Amino acid sequence: MNGAQEKLGVLIDELDSLSAALGMPIPDATHVQALRASLPAKVSALKDAFVEMTGENPWG
């Protein structure tokens, strides 16, 4: 497994954890705040992993 694939696996695990946390009995506003704080970085990291794996940047 190369570095980009490893990063992708980590990101998948992190997104899975965020998704599972939505089932926790806490106020919706807290869920939204956590997603707003974390999702932009996850999207950026996914784009970086895609570019690293494919050599193409459709967002650039």
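The values are calculated or read from the model by the stated rules, or taken from the named source; none is laboratory data. Please read these numbers as outputs of a predicted model, since none were measured by experiment. Here the Cβ positions follow ideal geometry from the backbone for every residue, glycine too, while neighbour counts run over all protein chains shown. Ligands, DNA and RNA are excluded from the accessible area calculation, which covers all protein heavy atoms including side chains. Shrake-Rupley method; radii C 1.70, N 1.55, O 1.52, S 1.80 Å.
Some observations on this one:
- Percent carbon-and-sulfur accessible area, the range 9-60, ignoring ligands, DNA and RNA, probe 1.4 Å: 61 percent
- Counted charge near Gly60, where neighbours are those whose Cβ lies closer than 12 Å (Asp, Glu -1; Lys, Arg +1): -1
- Cβ-based net charge around Asn2, under 15 Å, with every Lys or Arg adding one and every Asp or Glu removing one: -2
- Shape of the chain, Cα gyration tensor, a/c cut at 1.5: oblate
- Mean accessible surface per residue for the chain, computed with a 1.4 Å probe while every protein chain stays in place, in Å²: 74 Å²
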